[in-house]
1. State the label only: which of [x] 18.3; [y] 17.8; [z] 19.7 corresponds to Kirkwood radius over Cα pairs in Å computed from the shown model?
2. Taking 0.36 nm per residue of separation and subtracting the Cα-Cα distance, what length does fully extending residue 118 through residue 12 add?
3. Please list, in chain and number order, the residues 5+ apart from residue 208 or on another chain whose amide H is under 5 Å from its amide H, with Hs placed from the backbone.
4. Which number comes out as Rg/Rh for segment 1-120 once both Rg and the Kirkwood Rh are worked out on C-alpha atoms?
5. Counting only C-alpha contacts under 8 Å and six or more residues apart, can you give the relative contact order of segment 1-132 as a whole percent?
6. In whole percent, and with a 1.4 Å probe on the protein chains, what portion of the accessible area of the chain is carbon and sulfur?
7. Gain in length, residue 21 to residue 58, computed as 0.36 nm per residue apart minus the alpha-carbon separation, to one decimal in nm?
8. Can you list the trypsin sites (Lys or Arg not before Pro) in segment 73-157 that are in a DSSP coil and have 15 or fewer other beta carbons within 10 angstrom?
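The values are calculated or read from the model by the stated rules, or taken from the named source; none is laboratory data. Owing to the predicted nature of the structure, the values given are computational and were not obtained by experimental measurement. Please note: Cβ atoms are built from the backbone with ideal geometry, for glycine as well, and neighbour counts cover all protein chains shown. Please note that ligands, DNA and RNA were not included when accessible areas were found on the heavy atoms of the full protein model with its side chains. Shrake-Rupley method; radii C 1.70, N 1.55, O 1.52, S 1.80 Å.
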Amino acid sequence: MTTKHKKAKARVILAIDVGGSHVKVLTSTGRTKREFESGSDLSAKEMVRKVKALTKDWSFDAISIGYPGPVAGNRPLREPFNLGKGWKGFDFRKAFGKPTRVVNDALMQALGGYQSGRMLFLGLGTGLGSAMIVDGELEPMELGHLPYRKNKTYEDYAGEAGRKRLGTGKWRKHVADIVKQLTAALEPDYVLLGGGNVERLGRLPPKCRRGDNADAFAGGFRLWKGRVAGSTRR
């Protein structure tokens, strides 16, 4: 077989899921997930340094990053609520020295669990992540910071701090109410519930299905593919 007709080598993607308590990494070649603690002192520069150290024995061609906040032009638009400083406008492509795509972390998780049609994603973690995918079109959202009750937001009730304040039983009721409100407003075909606290829900609200822990990584890998599965676009 000539070089011209040899099958192109598959691109290996490193997916980085930046959370309020941990940063998790995995490559598309199926290595074991690795992670380190994040927290309120973690800067963007320090995150890059730690990821490089953690993956120094891995080989990859491109990077996907799920960032806990709004993103434009592959750079964070503002500082995160639960991490340190230095994230706004940070150039991850330059810092890593590899092609890099940055999206909202909820959107990356949503993409990993998306099947078809109109899907609303709600991430029950440190905060409340949100995104929609409509016929393959990716729509990052910031629903968690909208007002809900008693001068507090959806995130204040559905996030981890809310669960600890309310207790798991009352937290479940508020999550169900929030899902009901947002489903009525946005009219999705179904709701994907993800994040670390989804396992605490027990019975799911109507029109909901449970996300997988690996959705964030699957979404990171799919960011480098062409057409999104389930899309009606041509």
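1. Given [x] 18.3; [y] 17.8; [z] 19.7, the structure-derived one carries the label [x].
2. Once the chain is fully extended between residue 118 and residue 12, it gains 35.2 nm.
3. 191
4. 1.02
5. Worked out over segment 1-132, it gives 22 percent.
6. 49
7. Here the segment from residue 21 to residue 58 would lengthen by 11.0 nm.
8. Sparse-neighbourhood loop trypsin sites (Lys or Arg not before Pro): 78, 85, 88, 150.
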